[in-house]
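Working notes, beginning with the structure itself.
The values are calculated or read from the model by the stated rules, or taken from the named source; none is laboratory data. As the structure is a computational prediction, the values presented were derived from the model and not from experiment. We place every Cβ from the backbone using ideal geometry, glycine too, and count neighbours over all the protein chains shown.
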Amino acid sequence: MAKQQGLSHDAYGGVAGKDYLPFVSAKTVMPEFTLLSVVIGAFLAILFGAANTYLGLKVGMTVSASIPAAVMATALFKLFGRNNILENNITQVVASTGEAVAGGIIFTVPALFLWGLQVSILQIVAIAVIGGTLGILFIIPLRRYLTINNTAW
């Protein structure tokens with residue numbers, strides 16, 4: 001079987017890659033990484049992280065916070081009179097990290113209790129911060145490779 005090079009024919013909805021028109025043109029100048037997008041994203045990350053941690057510890061499963069975070073980000077930006085999909089995207093990504101960190105906490109910290117270790121709240125916060133930081137540091141070198149270099153697939 002021959003190895004496929006590049007993206008499949010259906011990757012752009014049946015439109016050839018050279019004819020595909022993105023939603024936001026590369027020539028468009030729009031704010032993306034703004035203080036408002038980070039603050040709203042951090043608020044939603046805390047909200048969904050706390051909800052997912054409670055739910056995960058109570059019933060043993062979590063829910064995806066990406067779609068509700070995207071909807072709430074859009075609604076909050078409309079309240080502020082802004083309509084920028086790039087800011088919404090940053091906010092949704094920041095908010096989704098709360099879900100990921102919550103998953104890291106609820107699936108590792110109970111193991112420490114099962115081992116009989118006495119874990120303080122400060123240690124749990126440190127585990128969450130270190131885990132989140134390691135996740136960011138590992139994804140930085142992979143970002144360009146995974147998003148730009150489509151021949152890797």
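For the stretch 72-86, residues that are surrounded by fewer than 11 Cβ atoms within 10 Å (Cβ to Cβ), in a helix (DSSP H, G or I) and within 21 Å of the chain's Cα centre (by Cα) total 1. Exactly one residue out of A102, A69 is closer than 18 Å to S37 by Cα, under 14 Å from the mean Cα position of the chain (by Cα) and small (G, A, S): that is A69. In the stretch 120-153, of all residues being modelled with pLDDT of 75 or more and among the hydroxyl-bearing types (S, T, Y), the one that is surrounded by the most Cβ atoms within 10 Å (Cβ to Cβ) corresponds to T133. Could you go through the stretch 112-132 and let me know if any residue there is closer than 17 Å to S37 by Cα, free of Cβ contacts under 8 Å to residues at least 60 places away in the same chain and assigned to a helix (DSSP H, G or I). No, the stretch 112-132 contains no residue that is closer than 17 Å to S37 by Cα, free of Cβ contacts under 8 Å to residues at least 60 places away in the same chain and assigned to a helix (DSSP H, G or I).
Within the stretch 49-61, not a single residue is more than 30 Å from P110 (Cβ to Cβ), aliphatic (A, V, I, L, M), within 18 Å of the chain's Cα centre (by Cα) and at pLDDT 85 or above. Look at A100 and say whether it is more than 17 Å from L55 (Cβ to Cβ) and part of a helix (DSSP H, G or I). No. Selection over the stretch 98-119 of residues that are surrounded by 11 or more Cβ atoms within 10 Å (Cβ to Cβ) and on the phi > 0 side of the Ramachandran plot gives a count of 0.
Looking only at the stretch 52-71, which residues are free of Cβ contacts under 8 Å to residues at least 40 places away in the same chain, surrounded by fewer than 20 Cβ atoms within 10 Å (Cβ to Cβ) and within 21 Å of V125 (Cα to Cα)? Steps first, answer last, please.
At the first step, the residues of the stretch 52-71 found to be free of Cβ contacts under 8 Å to residues at least 40 places away in the same chain are 54-55, 58-61, 63-71.
When the remaining residues are screened for being surrounded by fewer than 20 Cβ atoms within 10 Å (Cβ to Cβ), the result is 54-55, 58-61, 63-64, 66-68, 70-71.
Passing the criteria: Y54, L55, K58, G60, M61.
Does the stretch 20-34 contain any residue that is surrounded by 15 or more Cβ atoms within 10 Å (Cβ to Cβ) and among the hydrophobic types (A, V, I, L, M, F, W, C)? No, that holds for no residue.
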